[in-house]
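Below you'll find the structure, written out as structure tokens, and then a few comments.
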Amino acid sequence: MDPDLAESSLTLTTDMVLVLVLVGFTMVMFVWEKLRPDVTAMLVLMLLGLTGLVPSEQIFDGFAGSAVVSIIATMVLGAGLDRTGLMNRAAIWLLRRSKGVEERLIFYSSATAGLISATMQNPSVMALFLPVASRLSARSGVAVSRLLMPLAMCIMLGGTLTMVGNSPQIMLNDLLAQANHNLPSGVATLEALPMFAPTPVGIVLLAGGLLYFRLFGKKMLGGLADKGVTPARTESYFANTYGLSGDVFELTVTAESPLVGMSIGEAESQRGAPLLLALKSGNESRLAPPADQMIWVGSVLGVMGPRERVADYAQANLLRMQTRLRHFGDLFNPSRAGISEAVIPPTSSFIDHAVADLQLRRRFGISVLAVYRDGKVHRDDHRRMPLRAGDMLVFHSVWRDLSKAAAKRDFVVVTDVPKDEQRPHKLWVAMTIFAIALLLALSHQIAVPVALMAGAMAMVLSGVLNMDEAYRSINWKTVFLMAGLIPMGWAVESSGLAAWLAQTVLERVGGLPPIALQALLAVSTVLLGLVVGHVGATAIMVPIAINVAISAGGAPLAFALTMALAASNNLISTSNPVLAMVAGPGGYRTRDWMRVGLPLTAMHLVVVLVVVNLFY
């Protein structure tokens, strides 16, 4: 901050007002949800460039910044570990170690997930552990609702262990570098924080979370035993949970049948129609036929439902019913195809689109049998329902088709299903590459983004992943969200708005000691994070906190790190992508998050404030 700006910082300039308007616009759009967060971020980025608040030659620097490169690299590294079947081995180890005892299972699985989240993006870790939780639940008998909440919470807490554990810490060094351009004379340059700068905080937070669930888990999770979904592939499970009961039958279309000349969509919309899962026309047989595929004389329908209902449907439509699968035996082989469940993550492009409009049968060969939302199963009306984050979809598909569709990251498969193209023989190669990348990042001789990206490229060159798989592993929505909002943080700093807001705060509460100001800002960051997400809260609050610290005589690095850690302290709302991913599978309600998450939120704040100030 130059002296001229410091002298006039209590007077709002035009640039400050414009940045303040953009910050307010971002908050409104994130709450309103009319546009996706990444679209909002890119719109704000363009407005920053068009108004000149960020110089045109710097407007896209967020895409080339160390934060974005690091987040891309960690996604590729995580995908490499997953491709080797590491999580399947983890499930086996956890079962053996816990011996099926619920308290041990929760402790070991949550601790493992928390430690892994130190070096991978939190949503990616949750996506890896959803099928692991499915397998653990199916084999131990512990309700998945009692496993998923501790897992999600500990993943969030474990993300504070390193500077690459979650997005706010990844962004922090870029924001510190920008702040150095505007420091008042006499203030020391803010040094970039090393890889394990937040580790003391993360250790205490993760240990506190594990202890919390160990001591109070039975009480806090007691009401969840009969809630939610325990993913499995047994017939009784899908019958009890979704009402998907009955067997598979073949129905041959006769010349007299009224179905002749109908489309699949028209046939399945008839009252009393069973689930239409397969169609044979001529010599071609396929699962999940598109809704517009026509039914002709001699076509064979593969349907699922109770025998009486199917028989009535066959009689009413002049169809020949076969209980023996003569045409679809291979297609319905459980080792090749079956029913599965998937959850819609907050970054999915499926959100706000109706199931029918997605054309999943045509695009991927997937039939959607039901949608589970807010404790209610939708079977008859699900095709026209606009999807929301956290919705559970029940699929019937070929496992290979499901795996290919899941690679696009628009849904996360919860059910532990057979996977194609696993490379278990590359496990030790992948783990070695991962370890070397972390060691290089720790060496201080090589920049963290360079070390992580070198590891990502080694995954490709060693054959753990191919390049297409590496591209598919990157969540581009997260990349664009971060790259779009980082320049807003720069604008808050460079326009002088951060200094003006800092002095405005000090005018009102300037008599408080620095630790109290730090606590006040941390609480504000937590609340802001519930509204605009952790990336937006970090971009807005870190520059303000640095200026408050400088004016109040506090430690700027401690204030900045506190804000980054506080931005991730969202343990009570499904605006957190990790919590949104488990809301459907766990059947959780807002009161469940509040009951379990509020004590952890308070613990998070206290630990961050105490430990950060002890070390910084």
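The values are calculated or read from the model by the stated rules, or taken from the named source; none is laboratory data. None of these values were measured; they are calculated from a predicted model. A quick note on method: Cβ atoms are made from the backbone with ideal geometry, for glycine too, and the neighbour counts reach across all protein chains shown.
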Between 162, 112, which is in a helix (DSSP H, G or I) and more than 17 Å from the chain's Cα centre (by Cα)? 112
Given (1) at pLDDT 85 or above; (2) touching a helix residue (DSSP H, G or I) at 6+ places or on another chain (Cβ under 8 Å), residue 347 misses just (1)
Please enumerate the residues belonging to region 328-378 that are in contact with an Asp or Glu (Cβ under 9 Å, 6 or more places away or on another chain) and of a type in the set (Phe, Trp, Tyr). 328, 350, 364, 372
When you go through (1) more than 24 Å from residue 38 (Cβ to Cβ); (2) touching a residue at least 12 places away in the same chain (Cβ under 8 Å) one by one for residue 385, which number turns out not to apply? (1)
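Within 30 Å of residue 28 (Cα to Cα), surrounded by 15 or more Cβ atoms within 10 Å (Cβ to Cβ) and at pLDDT 90 or above: does that describe residue 526?
Numbers: within 30 Å of residue 28 (Cα to Cα): yes; surrounded by 15 or more Cβ atoms within 10 Å (Cβ to Cβ): yes; at pLDDT 90 or above: yes.
So residue 526 fits the description; yes.
Going by the conditions given, is residue 180 in contact with a Ser or Thr (Cβ under 6 Å, 6 or more places away or on another chain), at pLDDT 90 or above, closer than 24 Å to residue 61 by Cα and not assigned by TED's automatic domain parsing to the domain that holds residue 302? Write out each step before concluding.
Numbers: in contact with a Ser or Thr (Cβ under 6 Å, 6 or more places away or on another chain): yes; at pLDDT 90 or above: yes; closer than 24 Å to residue 61 by Cα: yes; not assigned by TED's automatic domain parsing to the domain that holds residue 302: yes.
Yes; evaluated as a whole, the condition is true for this residue.
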Is it the case that region 171-186 has a residue that's without any contact (Cβ under 8 Å) to a residue 12 or more places away in the chain and part of a loop (DSSP other than H, G, I, E, B)? yes
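Let's see how each residue does on (1) within 30 Å of residue 482 (Cβ to Cβ); (2) modelled with pLDDT under 85:
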{"site": "385", "(1), (2)": "no, no"}
{"site": "390", "(1), (2)": "yes, no"}
{"site": "397", "(1), (2)": "no, no"}
{"site": "413", "(1), (2)": "yes, no"}
{"site": "422", "(1), (2)": "no, yes"}
Note on residue 316: of the conditions (1) free of Cβ contacts under 8 Å to residues at least 60 places away in the same chain; (2) aliphatic (A, V, I, L, M); (3) touching a Phe, Trp or Tyr at 6+ places or on another chain (Cβ under 6 Å), unmet is (3)
Filtering region 100-115 down to residues that are crowded, with 24+ Cβ neighbours inside 10 Å and among the small types (Gly, Ala, Ser), which residue is nearest to residue 128 (Cα to Cα)? 113
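Residues 395, 332, 328: which one is aromatic (Phe, Trp, Tyr) and either without any contact (Cβ under 8 Å) to a residue 12 or more places away in the chain or more than 22 Å from residue 138 (Cβ to Cβ) (or both)?
Selected residue: 328, the only one of 395, 332, 328 that is aromatic (Phe, Trp, Tyr) and either without any contact (Cβ under 8 Å) to a residue 12 or more places away in the chain or more than 22 Å from residue 138 (Cβ to Cβ) (or both).
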Residue 298 meets each of (1) on the phi > 0 side of the Ramachandran plot; (2) of a type outside the set (A, V, I, L, M); (3) not assigned by TED's automatic domain parsing to the domain that holds residue 264 with one exception, condition (3)
If a residue has to be surrounded by fewer than 17 Cβ atoms within 10 Å (Cβ to Cβ) and in the same structural domain as residue 364 (by TED's automatic domain parsing) to count, how many in region 405-445 make the cut? 2
Could you grab me the full set of residues in region 21-57 that are outside any helix (DSSP H, G or I) and modelled with pLDDT of 90 or more? 51, 52, 53, 54, 55
From the list 493, 507, exactly one residue is closer than 30 Å to residue 74 by Cα and not hydrophobic (A, V, I, L, M, F, W, C). Which is it? 493
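Could we say that residue 266 is modelled with pLDDT under 85 and acidic (Asp, Glu) here?
Against the criterion (modelled with pLDDT under 85 and acidic (Asp, Glu)), residue 266 does not qualify.
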Selection status of residue 81, buried (at least 20 other Cβ atoms within 10 Å of the Cβ) and within 30 Å of residue 461 (Cα to Cα): yes
Of the numbered conditions (1) crowded, with 19+ Cβ neighbours inside 10 Å; (2) modelled with pLDDT of 90 or more; (3) within 22 Å of the chain's Cα centre (by Cα), residue 497 satisfies every one except a single condition; which is it? (3)
Which one of 130, 157, 151 is in contact (Cβ under 8 Å) with a residue 12 or more places away in the chain, buried (at least 24 other Cβ atoms within 10 Å of the Cβ) and touching a strand residue (DSSP E or B) at 6+ places or on another chain (Cβ under 9 Å)? 130
Restricting region 460-475 to residues that are under 23 Å from the mean Cα position of the chain (by Cα) and assigned to a helix (DSSP H, G or I), the residue that is nearest to residue 162 (Cα to Cα): 473
If the requirement is being at pLDDT below 90 and in contact with a Lys or Arg (Cβ under 8 Å, 6 or more places away or on another chain), which of these qualifies: 133, 91? 91
Sole residue being modelled with pLDDT of 90 or more and not acidic (Asp, Glu), chosen from 206, 224, 244: 206
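State whether one or more residues within region 536-543 are free of Cβ contacts under 8 Å to residues at least 12 places away in the same chain and either more than 30 Å from residue 148 (Cβ to Cβ) or not charged (D, E, K, R) (or both).
No, every residue in region 536-543 fails to be free of Cβ contacts under 8 Å to residues at least 12 places away in the same chain and either more than 30 Å from residue 148 (Cβ to Cβ) or not charged (D, E, K, R) (or both).
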Inside region 341-368, the number of residues satisfying the requirement of being hydroxyl-bearing (Ser, Thr, Tyr) and assigned to a helix (DSSP H, G or I) is 0
Anything in region 357-378 that is loosely packed, with under 15 Cβ neighbours inside 10 Å and either among the β-branched types (Val, Ile, Thr) or more than 24 Å from the chain's Cα centre (by Cα) (or both)? List them, or say none. 362
